[in-house]
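The values are calculated or read from the model by the stated rules, or taken from the named source; none is laboratory data. Small disclaimer: the values here were computed from a predicted structure and weren't measured. Reconstructed Cβ throughout: ideal geometry from the backbone, glycine too, with neighbour counts over all protein chains shown.
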Amino acid sequence: MLLEWAEINCTVMVKETGETYPEGLPLVSVPVHIARNKALAARSLEALQGSDPIIVAADTIVVLGEEVIGKPRDREDAIGILKRLSGKTHRVITGVAILEGGKEIVFADTTEVEFYELTEQQIMFYVDKYQPYDKAGAYAIQEWIGVIGIKSIRGDFYNVMGLPVSRLVNALNDFR
């Protein structure tokens, strides 16, 4: 959707990949590592065999203090994560990998997000209605929780959605 808004023609292809990373990796490098692995895995898709397209992959993490907060395991975990983020500022870091043939560009973009204090009722309503189990940090900024719960952001809004679009467009322009 974000690439369509930027009027970038693309085909979305999915290849399940792990989201693990080496222990001790600097936090800003974590999503870059995962995005690069996703791009390399996409390169092996049968539909791409015999061609050499530009592959773009991304991964987003949420960091509170120095702790990476992943996707919630279940309802209770999602509620617990949002309670921890409530009233605090956290970082959203998206790693991007662009591959074509032997050429590669990787980068990370960071956005700071501050939540208002959220009530338990607000958190439970959001989790029960939107079921953010596939979202790092247990939320999507473009959903209800972002509308009522975000006090401020510093950085790229679209980065919080999962892709720093303007930076990606500039990188693609540099890539060519």
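Quick grid of which residues meet (1) among the charged types (D, E, K, R); (2) farther than 27 Å from G18 by Cβ; (3) touching a residue at least 60 places away in the same chain (Cβ under 8 Å):
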{"site": "F125", "(1), (2), (3)": "no, yes, no"}
{"site": "D134", "(1), (2), (3)": "yes, no, yes"}
{"site": "R154", "(1), (2), (3)": "yes, yes, no"}
{"site": "N170", "(1), (2), (3)": "no, yes, no"}
{"site": "D174", "(1), (2), (3)": "yes, yes, yes"}
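Report yes if V160 is of a type in the set (V, I, T), over 18 Å from L27 (Cβ atoms) and not in a strand (DSSP E or B), otherwise no.
no
Could you tell me which residue of region 88-104 is modelled with the lowest pLDDT, considering only residues that are under 19 Å from I61 (Cα atoms), more than 13 Å from the chain's Cα centre (by Cα) and not hydroxyl-bearing (S, T, Y)?
Here the residue is I98.
Any chance region 144-155 includes a residue that's under 23 Å from I8 (Cβ atoms) and not in a strand (DSSP E or B)?
yes
Tally the residues that are modelled with pLDDT of 90 or more, outside any loop (DSSP other than H, G, I, E, B) and either surrounded by 17 or more Cβ atoms within 10 Å (Cβ to Cβ) or in contact with a strand residue (DSSP E or B) (Cβ under 7 Å, 6 or more places away or on another chain) (or both), restricting the search to region 163-176.
Within region 163-176, residues that are modelled with pLDDT of 90 or more, outside any loop (DSSP other than H, G, I, E, B) and either surrounded by 17 or more Cβ atoms within 10 Å (Cβ to Cβ) or in contact with a strand residue (DSSP E or B) (Cβ under 7 Å, 6 or more places away or on another chain) (or both) number 4.
Would you please name the residue that is surrounded by the most Cβ atoms within 10 Å (Cβ to Cβ), looking only at residues in region 122-148 that are β-branched (V, I, T) and over 19 Å from R73 (Cβ atoms)?
Within region 122-148, the match that is surrounded by the most Cβ atoms within 10 Å (Cβ to Cβ) is I141.
Determine whether E100 is closer than 24 Å to R73 by Cα and not aliphatic (A, V, I, L, M).
Criteria not met by E100.
So which residues in region 1-43 are over 15 Å from the mean Cα position of the chain (by Cα) and among the charged types (D, E, K, R), if there are any at all?
E4, E7, K15, E16, E23, R43 - these are the residues of region 1-43 that are over 15 Å from the mean Cα position of the chain (by Cα) and among the charged types (D, E, K, R).
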